[in-house]
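Here the structure comes first, spelled out in structure tokens, and everything after it is commentary.
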Amino acid sequence: MSAIIISGKELAAEKRLEMKKEVELLKGEGITPGLAVILVGEDPASQSYVKSKQKSCKEIGIHSELDELPDTITEAELLDKIETLNKADHIHGILVQLPLPKHISEKAVIEAIDPSKDVDGFHPINIGRMMTGQEAFLPCTPYGIVEMIKSKKIEIEGKHVVVVGRSNIVGKPVGQLLLNENATVTYCHSRTKNMEEITRQADILVVAVGRAHFIDASYIKEEAVVIDVGVNRNTDGKLVGDVIFEDAKEVASYITPVPGGVGPMTITMLLHNTIISAKRLLK
């Protein structure tokens with residue numbers, strides 16, 4: 001028996017068709033959702049990611065602006081740029097592409113974004129609201145993961161979820177979102193003892209450590225749902241996940257592939273958050 005694939009690519013395409021209709025309705029009300037992306041420096045991975053975001057915006061009718069800034073920019077200049085966008089009526093979402101150059105504080109930049117335009121869901125106010133189950137912009141990758149699990153009608157309530165990884169961007173928030181769905185959540189990380197024993201108890205295993213092929217079948221309970229968030233390049237330059245896909249799919253009931261799994265859902269949920277932000281103007 002081989003696991004059923006949860007294709008983020010297919011789910012993202014479905015969701016974007018719906019979003020395109022929503023954007024058209026908003027335009028009929030005189031509102032064009034607008035997303036501003038700030039890119040500091042010339043990191044090739046960031047450039048390619050930003051290009052992909054712009055293309056996705058265009059595809060569904062969202063207005064997008066890109067500010068490409070040199071890595072010599074000062075923190076104060078960047079904060080001024082964010083403040084201008086906070087005040088811009090035609091911009092509903094602001095995203096500063098990470099990582100930033102060493103001399104700029106990531107924390108200061110994230111906190112400078114108006115929480116009502118923080119479509120990445122990283123501002124402490126949105127994180128706090130998410131923790132307490134209030135309405136908030138949810139971080140895009142964790143939000144996408146929950147949507148992928150729900151798309152297959154997989155029961156979350158009462159299930160044991162094990163998250164491998166505790167980053168602020170994926171690990172911590174995905175555990176919290178699944179806890180909000182009434183799962184029992186355990187975190188594993190680099191200091192965890194007997195990790196295999198813990199991961200083998202998982203009904204849903206979310207792996208987000210950024211280490212190629214870190215998890216093999218011995219870590220996975222029979223019939224578990226496996227969500228692989230990792231995007232790594234192997235020695236041949238091929239994209240691979242944190243999970244050994246070929247091994248895992250023989251044990252799991254559902255599994256996400258890399259590429260074509262969680263990745264496409266991240267940008268899709270960013271577009272969703274931007275539309276939600278624009279919609280608030282109708283209230």
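Each reported figure results from applying straightforward, stated rules to the coordinates on display, with no laboratory input. The model shown is predicted, which means the values in this text are computed figures rather than measured ones. Backbone-built Cβ (ideal geometry, glycine too); neighbour counts: all protein chains shown.
Has the stretch 182-195 got at least one residue that is surrounded by 18 or more Cβ atoms within 10 Å (Cβ to Cβ), touching a residue at least 12 places away in the same chain (Cβ under 8 Å) and within 17 Å of L11 (Cβ to Cβ)? No. Looking across the stretch 51-64, the residues that are closer than 12 Å to T274 by Cβ and either charged (D, E, K, R) or touching a His at 6+ places or on another chain (Cβ under 8 Å) (or both) come down to K53, C57, H63. Please find, within the stretch 214-251, the residue that is nearest to G263 (Cα to Cα) out of those that are of a type in the set (A, V, I, L, M) and part of a helix (DSSP H, G or I). This residue is A248.
Restricted to the stretch 217-238, and to residues there that are within 18 Å of the chain's Cα centre (by Cα) and not small (G, A, S), the residue that is farthest from I5 (Cα to Cα) is N232. Residues that are free of Cβ contacts under 8 Å to residues at least 40 places away in the same chain, assigned to a loop (DSSP other than H, G, I, E, B) and under 14 Å from the mean Cα position of the chain (by Cα) within the stretch 124-165 comprise just one, P139. You will find that of T235, T192, T274, T184, the residue that is more than 30 Å from H63 (Cβ to Cβ) and in contact with a His (Cβ under 6 Å, 6 or more places away or on another chain) is T184 and no other.
Listed by position, the strands (runs of 3 or more DSSP E) contained in the stretch 6-107 that have at least 1 residues being surrounded by fewer than 17 Cβ atoms within 10 Å (Cβ to Cβ) are 63-69. Answer with yes or no whether T268 is among the hydroxyl-bearing types (S, T, Y) and either buried (at least 23 other Cβ atoms within 10 Å of the Cβ) or touching a residue at least 40 places away in the same chain (Cβ under 8 Å) (or both). Yes.
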